[in-house]
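In what follows, a single structure is set out as structure tokens and then discussed.
The values are calculated or read from the model by the stated rules, or taken from the named source; none is laboratory data. Source: prediction; values computed, not measured. We place every Cβ from the backbone using ideal geometry, glycine too, and count neighbours over all the protein chains shown. For accessibility, only protein heavy atoms count, side chains too; no ligands or nucleic acids. Shrake-Rupley method; radii C 1.70, N 1.55, O 1.52, S 1.80 Å.
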Amino acid sequence: MDGIVQLQRQLVDYTASLFHEGFLDDQFNQLQQLQDESNPDFVVEVVTLFFEDAERLLNELTKALGQPSIDFKRLDTHVHQLKGSSSSIGAQRVQGVCISFRNSCEEQNVEGCLKNLQQVKHEYSLVKSKLETLFRMEQQILAAGGSVSSVTTEVHHVCQRYTRSLGPYSLQNANLPNKLLRFSSTSTGHASALRTHLVGMVNFFQISKMSPGQHSKVVTLSKQILMHSNCMS
Amino acid sequence: MAMTVEAQFHVLAVDDSLIDRMLIERLLKTSSFHVTTVDSATKALKFLGLVEDELRTFGNPVASEIHQDVDVNLIITDYCMPGMTGYDLLRKIKESKSLKDIPVVIMSSENVPSRINRCLEEGAEEFFLKPVKQADVNKLKPHLMKSRAKEEQDQLFNNKRKDMEEIHCPNKTRLKCSS
């Protein structure tokens with residue numbers, strides 16, 4: 001029994017770390033919420049589809065960039081698809097690189113595209129291995145006779161904590177940067193804890209859904225806060 | 001006319017992405033909707049009983065309406081699809097006599113205000129930003145309840161009118177026989 005509890009604990013921590021480091025965002029949490037006894041394999045099924053889709057698209061992108069004359073429109077279509085599917089499963093970092101990739105396509109910047117392709121391949125392989133580890137850990141728990149749904153519930157609470165910190169503000173709200181500032185100024189405790197939490201929040205919250213103006217505001221603000229907390233520590 | 005158990009709402013989901021179709025189907029089913037998914041706007045029109053007439057009269061393709069025995073209460077469609085877009089689908093539905101009252105919801109991965117406005121102006125009930133969440137799907141029931149209430153009201157009105165016609169103009173065949 002102790003063994004199962006420990007495994008469950010490890011899985012909660014591991015999943016939380018993936019959110020914290022920005023590999024996954026709230027959408028992954030949403031997927032887990034959709035899984036239940038009647039659909040026990042939902043997350044694995046969707047993620048497996050994502051792996052297949054991503055690999056196909058990465059091959060297409062590699063081929064397209066290898067052509068003597070590059071079809072940027074076609075390139076953009078593939079990147080758009082990859083951006084969509086990564087967003088649908090919560091693979092935040094992959095989605096983020098896709099955004100830059102689309103910009104490179106728009107600018108018809110070959111160098112940029114090649115770099116972005118490398119980046120997206122890298123991010124994809126990272127998130128793939130992380131998710132495979134996560135699924136393996138789930139299997140271990142199930143094989144030992146434990147349940148994964150309690151883990152999902154706890155992970156969900158971790159996500160709720162992040163969401164509550166930002167309150168009712170959606171990313172479309174221009175007040176988000178102010179909210180972050182207010183949070184940091186009222187927050188007590190060690191500066192490094194604040195730093196970690198702040199980075200975690202900003203990473204967790206689907207940065208890619210922000211408009212470019214909002215995004216740069218938040219990044220600037222986060223940097224200011226981090227610099228400020230550096231002086232404090 | 002006895003009111004039996006209320007039928008489930010039937011939602012038609014249109015998206016070219018398999019992952020997104022899986023997602024939207026799961027989201028809708030957790031809200032107890034009956035779901036049909038198709039991967040293109042063309043297939044959606046076919047399912048709805050609306051077929052594009054290949055004959056171009058005056059340069060405009062005419063959509064001929066086949067008798068439709070499919071009961072769809074809501075259509076939710078992706079905006080960006082190869083071939084016919086979700087916006088084109090929305091327009092075709094709103095131009096159709098038999099389908100124009102079916103609420104249509106558009107989904108898009110891109111937050112483009114002009115796009116959103118265009119869809120809402122064209123008659124879309126809601127515009128969801130992808131990835132669609134449970135909170136978004138929860139917004140659908142009111143639209144469906146409203147449509148159902150209107151349908152029932154229309155039906156009641158039509159039944160009343162039929163009854164009135166019977167009173168004032170009794171069975172015509174009987175008259176024919178007598179003459």
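Remarks
The rows are residues; the columns are (1) crowded, with 16+ Cβ neighbours inside 10 Å; (2) assigned to a helix (DSSP H, G or I).
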residue: A:49; (1), (2): yes, yes
residue: A:55; (1), (2): no, yes
residue: A:68; (1), (2): no, no
residue: A:74; (1), (2): no, yes
residue: A:80; (1), (2): yes, yes
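- Any helices (runs of 4 or more DSSP H) falling wholly within region B:109-179 and containing at least 2 residues that are modelled with pLDDT under 85, under 30 Å from residue B:78 (Cα atoms) and open to solvent by 90 Å² or more (accessible area, probe 1.4 Å): B:140-168
- Screening A:160, A:118, A:108 for residues that are polar (S, T, N, Q), exposed (fewer than 14 other Cβ atoms within 10 Å of the Cβ) and modelled with pLDDT under 95 leaves exactly one candidate, A:160.
- Condition check for residue A:146: open to solvent by less than 60 Å² (accessible area, probe 1.4 Å) and part of a loop (DSSP other than H, G, I, E, B): yes
- Count of residues meeting criterion [within 17 Å of residue A:12 (Cα to Cα) and within 8 Å of chain B (Cβ to nearest Cβ)] in region A:32-49: 1
- Residue in region B:79-93 that is farther than 25 Å from residue A:84 by Cα and at pLDDT below 95 present: no
- Taking the conditions (1) modelled with pLDDT of 95 or more; (2) away from every other protein chain (no Cβ under 14 Å); (3) outside any helix (DSSP H, G or I) in turn, residue B:44 satisfies each one other than (3).
- Residue within region A:83-99 that is without any contact (Cβ under 8 Å) to a residue 40 or more places away in the chain, over 29 Å from residue A:32 (Cα atoms), in a helix (DSSP H, G or I) and touching a Leu at 6+ places or on another chain (Cβ under 9 Å) present: no
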